[in-house]
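Only one structure is covered here, and it is reproduced in the block below.
The values are calculated or read from the model by the stated rules, or taken from the named source; none is laboratory data. Given the structure is predicted, the values throughout are model-derived calculations rather than measurements. Every residue, glycine among them, receives a Cβ derived from its backbone with ideal geometry; neighbour counts consider all protein chains shown.
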């Protein structure tokens with residue numbers, strides 16, 4: 001499994017286990033509302049809503065919170081949460097590329113906050129189109145094999161539409177696919193009896209950039225500060241993450 005997957009795991013664990021849980025619930029609720037507003041208010045017919053609800057349940061978000069977020073999408077007006085979805089393109093230390101995914105009701109406020117954090121962290125905001133070409137928007141599923149044969153599960157994922165499958169020594173599998181094939185791939189994996197840890201739409205770097213450990217840690221700190229902003233949902237980078245850096249981050253960097 002790639003270093004990016006391990007970093008995503010660390011972020012989820014921290015978000016689920018510490019004082020950030022309330023902020024995390026707020027962000028996921030916003031994502032659920034926007035998904036429900038952009039399509040049908042039912043996860044059966046709205047794949048984006050289904051994924052957002054799954055994300056909430058993966059961090060033990062109460063069902064009442066989920067139902068209120070869906071209801072806000074159907075109420076309209078201010079109660080409906082007039083949020084816009086936006087991606088900011090940026091550069092981090094050593095020229096690393098960043099895609100900052102935000103949901104905001106005030107673009108001027110959000111871009112100002114993002115720019116301030118980038119400047120303090122050794123980065124800068126880029127122009128539209130300066131970074132996006134370095135990433136592909138893909139469906140990503142991370143699954144725990146639970147003793148199942150990795151080759152058999154991988155073949156089932158490929159039959160369902162997966163374009164890339166990677167296994168690691170921790171009995172886990174990362175599967176990438178086109179966004180439109182995400183549900184079929186998830187269903188195909190579940191049919192094999194594995195445990196789905198995450199199923200999401202992600203910005204995956206086409207190639208990664210290797211930097212020294214000090215700058216890698218600096219970038220991860222910058223990403224954490226960006227994701228602490230209320231309007232920022234998630235930050236994607238093209239950083240190549242080594243095992244040493246990940247261990248340091250997991251230990252509390």
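Tabulated results
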{"quantity": "Residues of the range 161-176 satisfying the condition of being at pLDDT 95 or above and outside any strand (DSSP E or B)", "calculated": "161"}
{"quantity": "Restricting the range 52-65 to residues that are surrounded by fewer than 20 Cβ atoms within 10 Å (Cβ to Cβ) and closer than 16 Å to residue 41 by Cα, the residue that is farthest from the chain's Cα centre (by Cα)", "calculated": "64"}
{"quantity": "Matching entry among 200, 247, 234 (being part of a helix (DSSP H, G or I) and either exposed (fewer than 15 other Cβ atoms within 10 Å of the Cβ) or at pLDDT 90 or above (or both))", "calculated": "247"}
{"quantity": "Single residue of the range 177-197 satisfying the filter (under 20 Å from the mean Cα position of the chain (by Cα) and not in a helix (DSSP H, G or I)) that is surrounded by the most Cβ atoms within 10 Å (Cβ to Cβ)", "calculated": "177"}
{"quantity": "Residues being surrounded by 16 or more Cβ atoms within 10 Å (Cβ to Cβ) and closer than 28 Å to residue 178 by Cβ - total across the range 105-139", "calculated": "6"}
